[in-house]
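Chemist: For reference, the structure I am asking about is given below.
The values are calculated or read from the model by the stated rules, or taken from the named source; none is laboratory data. In this text the structure is predicted, and so the values were computed from the model without any measurement. Every residue, glycine among them, receives a Cβ derived from its backbone with ideal geometry; neighbour counts consider all protein chains shown.
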Amino acid sequence: MAGLLAASVWAQGPLVPPGVPGATMKTLVQVEPRTAITNAPFTISQSGSYYLVTNLTSTGNGVVIAASGVTLDLMGFAITGTGGAVDNGVQISGTAGAPLRDIAIRNGTLRNFSYGVRADFSQGGRLENLAVLSNLYYGIYLNGIGGTCNGNAIAHCSIVGNGYSGIYLLGTSGQCDGNRISDCAIQGNLNDGISFYAPSSGECNGNIVSGCSLAGNSLYGLSVNSTGGQCNGNIISRCAVVGNVSYGIYLLGTSGQCNGNLISDCTVNGNVGFGIVLSGPGGQCAGNAIVGCAVGENAGTGIRLNVAAGNRVENNRLYDFDGGTRYGIDCVSSTNNLIVRNSSGGQMYDFSMSSKDVYGPIVTNVGELATNGASAHPWANFSR
């Protein structure tokens, strides 16, 4: 019996451990592979990921980024300046010959600096979920003077109460092209809500503004100004442009080109000046389109084409029922514009076209529309 039991017991391996057990815990660097920023001013000179651990106050620039491939997470904290005229909340310090690439700044507040974010020669950068408040000059400033500031994205930001424009794209003698501004609230800035400016043969081309609120700014809601340069092929869509102190949306081609831009599906309401203006004195403001917008209760004309040629104005709703003496659509010294399928009501003068423009018949009928004639014309404009 004992022999049977012994035969049924399995052989055991060696009881001596093979060596010291390996580490099973992660190091602090592995748990948090980022660099903490605990004081300001702070300069980032190497690629990597950086984050704030507390609110910071700075007597100079808050954070200077001097390397490509940097992510800066404010972690919900604020960097606050002392109101200096030359200090920036975050400074991206590229040069015209060596732009910085792949910079991301997100999740926090920048206030009381000269510029909230100043991006000198940034390519492919991302500004996300920022509150940029009460800075002396610009909220967010993209600078391409003599170089490039292209392909950057600004999304889900609140840009409020800055001393000049909320967002400013500058392409003087350079490029500020292919940038995107989306889903931002831009309010109460003391100049424009958003400005594109391309003087001296510069470019602000192919930029997109979508889903933004531009309200209560002290000049234009959004201006595209190509004085001496090019502001071509930009898109402005699904924006609410409300209660600004001058024009709602202004495209200006003085001594330059402001061509091939699209304004679509925007609400432009209650601005103290005109609603939407295309103007090209001494230059070009041609080949643009204003499509599907609701434009009303502005103090001046709803849509004005001034020395503008070859533009398309289609399927817009213009309204003004407060008893003013305004125009719905007014064409001044314009040529070859196509104006079709618009409706205008409540103005003293719904439509005033140039004899050199092309437009659908203006239907003023009341009651049931006829099934033939002008009221059934596929390009008819309606005056109510």
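Chemist: If you take just the strands (runs of 3 or more DSSP E) that sit entirely in the stretch 50-111, which of them hold at least 3 residues that are touching an Asp or Glu at 6+ places or on another chain (Cβ under 9 Å)?
Modeler: Qualifying strands (runs of 3 or more DSSP E): 88-93, 103-111.
Chemist: Among the residues of the stretch 153-190, what is the count of those that are touching a Gly at 6+ places or on another chain (Cβ under 6 Å) and either farther than 16 Å from residue 236 by Cβ or among the acidic types (Asp, Glu) (or both)?
Modeler: 15
Chemist: When you go through 55, 39 one by one, which is the residue that is within 24 Å of residue 158 (Cβ to Cβ) and either touching a Leu at 6+ places or on another chain (Cβ under 9 Å) or at pLDDT 95 or above (or both)? Spell out the reasoning first.
Modeler: Working: 39 fails: within 24 Å of residue 158 (Cβ to Cβ).
That would be 55, the only listed residue that is within 24 Å of residue 158 (Cβ to Cβ) and either touching a Leu at 6+ places or on another chain (Cβ under 9 Å) or at pLDDT 95 or above (or both).
Chemist: Sticking with this structure for a sec: State which residue is modelled with the lowest pLDDT when the search covers only the stretch 370-384 and only residues that are among the hydroxyl-bearing types (Ser, Thr, Tyr) and within 40 Å of the chain's Cα centre (by Cα).
Modeler: 375
Chemist: Another question, if that's okay. If I ask for residues that are β-branched (Val, Ile, Thr), closer than 18 Å to residue 316 by Cβ and exposed (fewer than 15 other Cβ atoms within 10 Å of the Cβ), which ones from the stretch 359-384 would you list? Before you say what the answer is, go through the steps one by one.
Modeler: Here is the first cut: in the stretch 359-384, the residues β-branched (Val, Ile, Thr) are 362-364, 366, 371.
Subsequent filtering for residues that are closer than 18 Å to residue 316 by Cβ retains 362-364.
The one that is β-branched (Val, Ile, Thr), closer than 18 Å to residue 316 by Cβ and exposed (fewer than 15 other Cβ atoms within 10 Å of the Cβ): 364.
Chemist: Just to verify a result, which residue in the stretch 133-151, among those that are surrounded by fewer than 24 Cβ atoms within 10 Å (Cβ to Cβ) and in contact with a Ser or Thr (Cβ under 6 Å, 6 or more places away or on another chain), is farthest from residue 208 (Cα to Cα)?
Modeler: Applying the filter and picking the extreme gives 136.
Chemist: Of all residues in the stretch 322-353 being assigned to a loop (DSSP other than H, G, I, E, B) and charged (D, E, K, R), which is farthest from residue 383 (Cα to Cα)?
Modeler: Top of the filtered list is 322.
Chemist: Considering only residues that are β-branched (Val, Ile, Thr) and over 18 Å from residue 251 (Cβ atoms), look in the stretch 319-358 and name the one that is surrounded by the fewest Cβ atoms within 10 Å (Cβ to Cβ).
Modeler: Restricting to residues being β-branched (Val, Ile, Thr) and over 18 Å from residue 251 (Cβ atoms), the top hit is 325.
Chemist: Taking the stretch 118-151 on its own, how many of its residues are outside any strand (DSSP E or B), under 18 Å from residue 193 (Cα atoms) and not small (Gly, Ala, Ser)?
Modeler: The total comes to 4.
Chemist: Inspect the stretch 176-185 for any residue being farther than 17 Å from residue 127 by Cα and in contact (Cβ under 8 Å) with a residue 12 or more places away in the chain and give the result as yes or no.
Modeler: The answer is no; no qualifying residue exists.
Chemist: Shifting gears a bit: Filter the stretch 205-234 down to the residues that are in a strand (DSSP E or B) and under 21 Å from residue 139 (Cβ atoms) and list them by number.
Modeler: 208, 209, 210, 213, 214, 215, 222, 223, 224, 225
Chemist: Another question about this same structure. Quickly run through the stretch 304-318 and pick out the residues that are within 16 Å of residue 266 (Cα to Cα) and buried (at least 18 other Cβ atoms within 10 Å of the Cβ).
Modeler: Matches in the stretch 304-318: 304, 313, 314, 316, 318.
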